Amino acid sequence: MPARIFLLKLRGGLAVAVLLVSAGFAVAAPAGTVVGLFGSCFVENQGGRSAAKIGHLVQVGDTVDVPADGKLKLRMNDGSVVSVAAGTRMTIAAYSVDGTGQRQDAHLSLGQGLLRAVVAPVERPASFEVDTAVGAAAVRSTDWFVEASATAMQVGVLTGSVEMMSNATKRRETIPARWGARLEAGRDPVPPRVWSSAEFDAVIARTDVK
């Protein structure tokens, strides 16, 4: 069914156009806004591809594509900040907040590349999860990094803690602050170890957007 536009007239005479799409009239949910940008970055939506700009709104279902010469920063609707390094593709699979702006569910899919996520605290349990080809990592209120390829992923945690799970074995490891861990396809996560300052400095530099 083609998209339909309805004009709603509100009190005071203000008219608002509402776009409803698909047979079920599903409307793409807003997820966040581009607040930092360097180089060439793109947002893909429903088969289209547009250059990202400051203030660009991203929605659930959008894929953020950051080539080798770019970096991008998103402020999500719950106040979390996601910084996307060069050479990264990330899809916003789900992102919902309640009426007060508190996160209910956040689900990002990282095809390849590196993310830094500074996850906003919430008053009640609410997940923030990043899926990769080999496993998943979930947090609540944390400043952390996740890097992924088709065959492996690794996580480093600045503050808080992260639970990483293998898709193949379902084994889980909890990674505390200032530690990191790695997971390869088909295996259990490697036990966490302390990350050096140099390791954190490297991923901070790759995700930092001035």
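General remarks:
- Residue pairs whose Cβ atoms lie under 7 Å apart, sitting 6 or more positions apart in sequence or on different chains, and linking a residue in segment 88-112 that is at pLDDT 95 or above to a partner that is in a strand (DSSP E or B) and basic (Lys, Arg), are Gly111/Arg89; Gln112/Arg89.
- Residue in segment 97-107 that is surrounded by fewer than 20 Cβ atoms within 10 Å (Cβ to Cβ), of a type in the set (S, T, N, Q) and in a strand (DSSP E or B) present: yes
- Subset of segment 191-204 (residues that are touching a residue at least 12 places away in the same chain (Cβ under 8 Å) and either farther than 19 Å from Leu110 by Cα or of a type in the set (Lys, Arg) (or both)): Pro191, Pro192, Arg193, Val194, Trp195, Glu199, Phe200
- Hey, Thr33 of a type outside the set (Gly, Ala, Ser), touching a His at 6+ places or on another chain (Cβ under 8 Å) and open to solvent by 10 Å² or more (accessible area, probe 1.4 Å) or not: yes
- Considering residues of segment 62-87 that are open to solvent by 40 Å² or more (accessible area, probe 1.4 Å) and under 11 Å from the mean Cα position of the chain (by Cα) only, the residue farthest from Ala29 (Cα to Cα): Lys73
- First in segment 115-137 and open to solvent by 50 Å² or more (accessible area, probe 1.4 Å), second anywhere and polar (S, T, N, Q), Cβ under 7 Å, 6 or more apart: Arg116/Ser83; Arg116/Thr207; Val118/Ser80; Pro121/Ser141; Glu123/Gln102
- Where Ser161 falls short, out of the listed (1) of a type in the set (Gly, Ala, Ser); (2) surrounded by 14 or more Cβ atoms within 10 Å (Cβ to Cβ); (3) over 19 Å from the mean Cα position of the chain (by Cα); (4) farther than 20 Å from Gly113 by Cβ: (3)
- Output for segment 184-204, where each listed residue is touching a strand residue (DSSP E or B) at 6+ places or on another chain (Cβ under 8 Å) and among the aliphatic types (A, V, I, L, M): Ala185, Val190, Val194, Val203, Ile204
- Single residue of Val194, Val209, Val190 found to be crowded, with 16+ Cβ neighbours inside 10 Å and among the β-branched types (Val, Ile, Thr): Val209
The values are calculated or read from the model by the stated rules, or taken from the named source; none is laboratory data. It should be emphasised that the depicted structure is a prediction, and the values quoted were computed from it without experimental measurement. Because the Cβ atoms are built from the backbone with ideal geometry, glycine has one as well, and the counts that use them run over all protein chains shown. Ligands, DNA and RNA are excluded from the accessible area calculation, which covers all protein heavy atoms including side chains. Shrake-Rupley method; radii C 1.70, N 1.55, O 1.52, S 1.80 Å.
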